[in-house]
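Q: This is the structure, below, for whatever I ask next.
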Amino acid sequence: MAEPTQPLLNDSNSSPPRSLDDTIERYIGSFGWAQFLQATLVSFSGVFDAQQTFISVFTDFEPKWHCTESFCHDSISNICILPKTSWSWDFPPHVSVISEWGLQCSGSFVKGLPESSFFVGCLIGGLILSTLADSSLGRKNMLFLSCLLMSISTMFTVFSPNIWVYAFLRFVNGFGRATIGTCALVLSTELVGKRWRGRVGIMSFFGFMLGFLSLPAMAYMNRGNSWRILYIWTSVPTIIYCVLVRYFVCESPRWLFVRGRREEAISILKRVASIPLSDGTMSFSSLPTEEEEDEKPSVNIYAAMKVLVEKRWALRRLTAVMAVAFGIGLVYYGMPLALSNLDFNVYMSAAFNALMDLPANLITLFLVDKLSRRNALIGFTALGGVSSVLIFALQNMRIGSHGALQLVLELISYFCACSAFNIEMIYTIELFPTCVRNSAIAMTRQALVLGGVFSPIMVAAGRKNGFWSFGLFGLAIGLLGLFAVALPETRGSDLCDTMDEEECKDRQGNNDIISSVIA
């Protein structure tokens, strides 16, 4: 057995690799079957992520009711002014937390508390856990722990005795779920070269779409039964998935390399190699050693965030992508909730919205190598904003109901939010180096989730005045999308591993712009 420090692929006819991208592309190929299976398994976490994100649409809804006394008329819309003996739910009370715990006359704060708690948990969990994937735990362990915490809290939710315990468990669920999407996206893309990076990144979005699409089907099969059954159906598969992640998913070799664990990185690369490799065929000897790196691994879990704030170019990029993400989040999370304002069937409306993820993912999948990241992001956010504002305009027209047209515009706006979200995640991967990439994506997703915190409040206010929902959704995503103008174009660029590499590339890009302007 050769020592790990011996050269691994010494080809006298070719120069040694200069970066980790060169190593991956030269020694194991751009994309092999082992990499495909790893990316597929990691991306499947999006299924369970989506289920917990949107499950409240079917567990926290207010069921329909009907009159049981002669003095009660169908024209009465306020159930709270009627005696309890004069009306009845269309389904057994246990179909929803609202009907089971008698919350139909409670304030909007109480009704929306579980969903708001979930998103607040996502925010806090993201801030606390996100940098662990860059510092001490790594991508794989963070993904495993996040899925495990989410699955356990989901199972405990089944035994909630009241709205307050239920809201707390939803908070814990959101706390655990916070880093799943980030870790899955980063882990799946860090194992491949730049040619396949965008396509592999889309795989995690397909997983999220599949999870969202599965919810209406599961809820429809569960109609008339307890809302608790939905939580059982979504928790058990997640626990099984945690076992698969623990024993079959590989750690990111990029992260291992940056942390100075080169022997482990070599072992992972050999394990997923698309071409046969012997023990003496690969080495990182030509790459910078740990002592030569300016950014040594730090035990401080917030070191990555500190670096992002201290570097002016990094802070500028982070501020821009977070501003865009907040606008996208308002529409991405708000539109499915606002469908109730358009008076559509809850199962069909959710299914239509979930299906919008498919064309968004397909367009991104096949055009990701051709699309300008910056222009595509600005275009999708602008179109989504216009469509949302048009819904508000139609709601204020007194001629006809325009229900079908409103639904079409809603689907267009949601489709644009999905597409913009996909592009933004890939864009963020390419904007930041390996040493802070997970933290940067986590902060971007936190800005997205922050939009989710505000969207239920805006949807509730929009039931009386559509401007507070669809109007503000459109203005926010359209205007905040313009922050992308401040970002550099990254299509086809190499991934950098250190801040110094990225700073040099940024400086070179600025010099090229100045030279072109002068010329």
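Q: Using a 1.4 Å probe on the protein chains only, how many percent of the accessible area of the stretch 314-382 belongs to carbon and sulfur?
A: That fraction is 72 percent.
Q: Before anything else, pin down the relative contact order of the stretch 298-518: Cα pairs under 8 Å, at least 6 apart, normalised by residue count, whole percent.
A: Across the stretch 298-518, relative contact order equals 38 percent.
Q: What is the gain in length, in nm to one decimal, between Phe248 and Arg271 on full extension, counting 0.36 nm per residue of separation less the C-alpha to C-alpha distance? Write out the running numbers ahead of the final one.
A: Numbers: separation 23, 0.36 × 23 = 8.28 nm, distance 1.14 nm.
Between Phe248 and Arg271, full extension yields an extra 7.1 nm.
Q: Return the distance in nm (one decimal) between the two label points of a simple spin-label model at Leu405 and Ile457, each offset 7 Å from Cα along Cα→Cβ.
A: 3.3 nm
Q: Applying the Karplus parametrisation 6.51 cos²θ - 1.76 cosθ + 1.60 with θ = phi - 60° to the phi angles of the stretch 492-499, what ³J(HN,Hα) value in whole Hz is obtained for each residue in order, glycine and proline being reported as x?
A: x, 8, 7, 7, 8, 9, 10, 5
Q: Suppose all protein chains stay in the model; what accessible area per residue would a 1.4 Å probe give for the stretch 356-492, in Å²?
A: 37 Å²
Q: Peptides 91-103, 165-177, 34-46: what's the order by average Cβ count within 10 Å, highest mean first?
A: Ranked from most to least packed, the peptides come out as 165-177, 34-46, 91-103.
Q: Compute the distance in nm between two label points, each set 7 Å from the Cα along the Cα-to-Cβ direction, one at Phe156 and one at Leu367.
A: It is 4.5 nm.
Q: Let me ask something else about it. Could you tell me the convex hull volume per residue, in Å³, taken over the Cα atoms of the stretch 364-494?
A: Numbers: hull volume 13.4 nm³, N = 131.
Measuring per residue, one finds 102 Å³ for the Cα hull of the stretch 364-494.
Q: If you count, for each residue, the other Cβ atoms within 10 Å and average over each peptide, how do 424-431, 378-385, 156-163 line up from highest to lowest? Please list the in-between numbers first.
A: Working: 424-431: 25.4, 378-385: 23.2, 156-163: 16.0.
Output ranking for 424-431, 378-385, 156-163: 424-431, 378-385, 156-163.
Q: Continuing with this model, one more query. Starting from 0.36 nm per residue, how many nanometres of slack lie between Asn396 and Ser493 once their C-alpha separation is accounted for?
A: Working: separation 97, 0.36 × 97 = 34.92 nm, distance 4.69 nm.
Extra length available between Asn396 and Ser493 comes to 30.2 nm.
Q: May I ask you to give the solvent-accessible area per residue for the stretch 147-242, in square angstrom, as obtained with a 1.4 angstrom probe? Let's see the in-between values first.
A: Numbers: 3150 Å² over 96 residues.
Per-residue accessible area for the stretch 147-242 comes out at 33 Å².
Q: Per 10 Å bin, what percent of the C-alpha pairs of the stretch 298-518 does each bin hold, from zero upward?
A: Calculated over all Cα pairs of the stretch 298-518, the distribution is 8, 32, 30, 18, 9, 2, 0 percent.
The values are calculated or read from the model by the stated rules, or taken from the named source; none is laboratory data. As the structure is a prediction and not an experimental result, all values here were calculated from the model. Cβ: placed from backbone, ideal geometry, glycine included. Neighbour counts: every protein chain shown. Accessible surface is based on the protein model in full, side chains and every heavy atom, while ligands, DNA and RNA are left aside. Shrake-Rupley method; radii C 1.70, N 1.55, O 1.52, S 1.80 Å.
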